[in-house]
Amino acid sequence: MRFCFPLKVRPDRVDEYKARHAEVWPEMLNALRDTGWRNYSLFLCPDGLLVGYLEPVNFEKCCADMKNHLVNIRWQTEMSPLFELRTGGKVDDTMYPIEEVFHLD
């Protein structure tokens, strides 16, 4: 299945966000692969709108498994200040799938 989710990077932190994703930690990449994040991409608008796309077998499970992964906890601690968070919590807590309403194969 395909899943898409939105997040919001603070507009004044967009450049820092892009720089950090140019050098994602190898152990973070391995954790994503190990927890089922397949064909994963992030798309960033100049205003900070971030759209994630992935094709996991089970979206809820891969998110839950990643949320508890030690390297992800470290990564999210460093990345959270770059985001506008709706709940005031952690980035992982604000991810929700966007409904797909059209697909051309």
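The values are calculated or read from the model by the stated rules, or taken from the named source; none is laboratory data. Here the structure is a predicted model, which is why all the values come from computation and not from measurement. Using ideal geometry, Cβ is built from the backbone for each residue, glycine included, and neighbour counts are taken over all protein chains shown.
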Cβ pairs under 6 Å, 6+ apart or interchain, first in the stretch 90-105 and free of Cβ contacts under 8 Å to residues at least 40 places away in the same chain, second charged (D, E, K, R) and surrounded by 14 or more Cβ atoms within 10 Å (Cβ to Cβ), ordered by first then second residue, are ASP92/LYS67
The correct count of residues that are of a type in the set (Gly, Ala, Ser) and touching a residue at least 12 places away in the same chain (Cβ under 8 Å) in the stretch 5-51 is 4
Residue hits (the stretch 4-24; aromatic (Phe, Trp, Tyr) and modelled with pLDDT of 95 or more) are TYR17
Screening ASP93, ASP105 for residues that are of a type outside the set (Val, Ile, Thr), at pLDDT below 90 and under 13 Å from the mean Cα position of the chain (by Cα) leaves only ASP93
Taking the stretch 92-105 and keeping only residues that are closer than 26 Å to ASN30 by Cα and not in a helix (DSSP H, G or I), one is left with MET95, TYR96, PRO97, ILE98
Of the residues in the stretch 52-77 that are in contact (Cβ under 8 Å) with a residue 12 or more places away in the chain and closer than 19 Å to ALA19 by Cα, the one that is farthest from the chain's Cα centre (by Cα) is VAL71
